[in-house]
1. Between the alpha-carbon centers of segment 1-55 and segment 267-328, tell me the distance in whole angstrom.
2. Packing-wise, with mean Cβ within 10 Å as the measure, how do 272-284, 143-155 rank, highest first?
3. Rolling a 1.4 Å sphere over the protein heavy atoms, what is the accessible area per residue of segment 198-339, to the nearest Å²?
4. Report the charge-dipole magnitude of the chain in Debye, nearest 20, computed about the Cα centre from +1 at each Lys and Arg Cβ and -1 at each Asp and Glu Cβ.
5. Pop out the carbon and sulfur fraction of the accessible area of segment 156-303 as a percent, whole number, probe 1.4 Å.
6. Based on a Kirkwood Rh over C-alpha pairs, give the Stokes-Einstein translational diffusion coefficient of segment 21-110 at 10 °C and viscosity 1.306 mPa s in µm²/s.
7. Please build a GNM for the chain, connecting alpha carbons under 10 Å apart, and tell me which residue among GLY28, GLY246, GLY90 fluctuates the most.
8. If each DSSP helix of 4+ residues adds -39,500 (n - 2.57) and the sum is divided by the residues in the chain, what number results at 222 nm, nearest 500 deg cm²/dmol?
Amino acid sequence: MTMSPFLTVNLVSGLAGAGKSSTARASGTTSISLDGSDHSTVHDAIARVTAAELMLEIHPSAVPIEVAISVVAASDDRTLRPGSEALRVGNFVSVLDASTFWADIRSDALAPLPAVPCATHGEHDRTVADALVEQIEWASVVVINKTDLSSAADSADLRDFVRLLNPSSHVVFARHGRSSTGPWLPPRENMLNWLQQSPGWIRQLNGEGLLTSSRTGLGCVVYRDPRPFHPGRLADFLSARTTESGEILRSRGLFRLASRPHIVGSWNSAGPTIGFEPTSMGSHDPESPWGQEIAFFGKDLDAARLTANLDACLLTNREFVGGPIEWKCLADPFPDWDVDSDSTPTT
């Protein structure tokens, strides 16, 4: 059998039952289901293929960008396909179930574990909502599937939500994994770099958001302030006041806790759960925010109310002049951060 001189590796992701296998089959390309996202799993899958194009079906627990990175790593292995040109990352396709999406994004249930343990996953705390948000934000093509089982209004809301979270993605509606539209757009020349800049929260913070609100109340509010948060007042807001300004479905950005003045934190919520982690950004790095830069996405958001509630979590003028020495004495109810961890995120 003659091996193709070039292999385009497309990725398709979706929760169980969303229709990613149907979408992969409808694409007409060779498809392989992955149990993990580590380099060896991806390498072994690619080694089995002699076609010019491949569709890798990603397990729901895997982080899409990790699989893309593993594909790039495989492209550097010249023994994988002797005599062939380098691999390239094609489209990353996310398949969403229009009939269950709005219930799933509001769920705090854990995403399923892979059939084969994967070293890149670590402690399993990713929720179904986390998986959905990542699948949207790291996609070049989003397939809104099972539209025949969803109302037209819910499908339209889902399209607008996708455009908020990833304004550059190509959105198509489908039934049984098949769309009435033409072929997907050709993949970008450097898809990995493009994917890293595609999330809507990055674009909103950079002032590049293409959509800030929809006719049905879905929208984005960007919050900025140079002062750090008081840890106690922020904890009170998160436990009791987040719903006062509308339904927050997604929030992402960078923030500062006064009790940890030299650490830039990563703020990350999906559905009803939120997580804070330290970043590797230095406190005085040119790109580090002085205080807060957070994008909030949700339904019927009251920007003035949300801003006022977050302002109330900041240090007061009197507290601010006390400086970092006094700030470190503030009671801090949040879990400790492992600032020496090799897995510390950069954004």
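1. Each part's Cα centre sits 40 Å from the other's.
2. Working: 272-284: 15.1, 143-155: 18.2.
In descending order of packing, they fall as 143-155, 272-284.
3. Details: 6810 Å² over 142 residues.
Result: 48 Å² per residue.
4. Rounded to the nearest 20 debye, it is 940 debye.
5. Values: 3270 of 6800 Å².
For segment 156-303, the apolar C and S fraction of the accessible surface comes to 48 percent.
6. Result for D is 110 µm²/s.
7. So, out of GLY28, GLY246, GLY90, the one fluctuating most is GLY28.
8. Counting only the DSSP helices, I get -7500 deg cm²/dmol.
The values are calculated or read from the model by the stated rules, or taken from the named source; none is laboratory data. Small disclaimer: the values here were computed from a predicted structure and weren't measured. Cβ atoms come from the backbone with ideal geometry, glycine included; neighbour counts cover every protein chain shown. Side chains are part of the model used for accessible areas, which takes the heavy atoms of the whole protein and leaves out ligands, DNA and RNA. Shrake-Rupley method; radii C 1.70, N 1.55, O 1.52, S 1.80 Å.
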